[in-house]
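> So that we are looking at the same thing, I have put the structure below in structure tokens.
The values are calculated or read from the model by the stated rules, or taken from the named source; none is laboratory data. Everything quoted here is computed from the prediction, not taken from an experiment. Methodologically, a virtual Cβ is constructed for each residue, glycine included, from the backbone with ideal geometry; neighbour enumeration extends over all protein chains shown.
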Amino acid sequence: MPKFPMTAPGLKRLEEELRHLKAEERPAAIRAIAEARTHGDLSENAEYHAARERQSFIEGRIAELEEIVASVEVIDPSTLSGDTVKFGATVQLVDEETEKEATYQIVGVHEADIKLGRLSISSPLAKALIGKKPGDTVSVPAPSGDRTYEILGVRFA
């Protein structure tokens, strides 16, 4: 089974979601199915079918999260150092065309959230940044054409 790199906070978020699904969502879905069964003919009972579909989604997500959690390799960025970009690095960039600055932390696939500045290690931008240093420029293909970024800084927190 392949290992997934992940930060400790990312693993904690997944474990909390798993706990919530098992402790709250799963029992609620079971109650909804039981309630819908009391309403008669199951073949024409939309409430029953919706509850079963919800239960199926919850069980699928639980299985997915259990598999991910079992195959996580936790990496603590604060134990890393250097000036080259690697997993866990927080990278400050400037878009050379728009002069807009952005800061991203390179994290595991299952914890990425671009709105929160967490960039997936498998994204084109992260792949282009890996191994680079401050002052280097990278070019990344984008739907509107290649974008060029200059690395302003790299830190590990």
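> Which count do you get for residues in region 79-133 that are of a type in the set (Lys, Arg) and over 20 Å from Pro143 (Cα atoms)?
The qualifying residues number 4.
> Would you be able to tell me the number of residues in region 118-157 that are surrounded by 13 or more Cβ atoms within 10 Å (Cβ to Cβ), farther than 18 Å from Met6 by Cα and small (Gly, Ala, Ser)?
2
> Just one of Ala46, Ala51 is surrounded by fewer than 12 Cβ atoms within 10 Å (Cβ to Cβ), more than 17 Å from Lys3 (Cα to Cα) and outside the structural domain of Gly145 (by TED's automatic domain parsing); which is it?
Numbers: Ala51 fails: surrounded by fewer than 12 Cβ atoms within 10 Å (Cβ to Cβ).
On inspection, the qualifying residue turns out to be Ala46.
> Let me ask you something else. Restricting to region 68-117, and then to whatever is of a type in the set (Ser, Thr, Tyr) and loosely packed, with under 14 Cβ neighbours inside 10 Å, can you tell me which residue is nearest to Leu152 (Cα to Cα)?
Thr103
> If I ask for residues that are in contact with a Leu (Cβ under 9 Å, 6 or more places away or on another chain) and not acidic (Asp, Glu), which ones from region 53-76 would you list?
Ile58, Arg61, Ile62, Leu65, Ile68, Val69, Val72, Val74
> Only one residue in Ile62, Ile68, Ile75, Ile30 is in contact with a His (Cβ under 8 Å, 6 or more places away or on another chain) and either touching a residue at least 24 places away in the same chain (Cβ under 8 Å) or in the same structural domain as Val109 (by TED's automatic domain parsing) (or both). Which one?
Ile68
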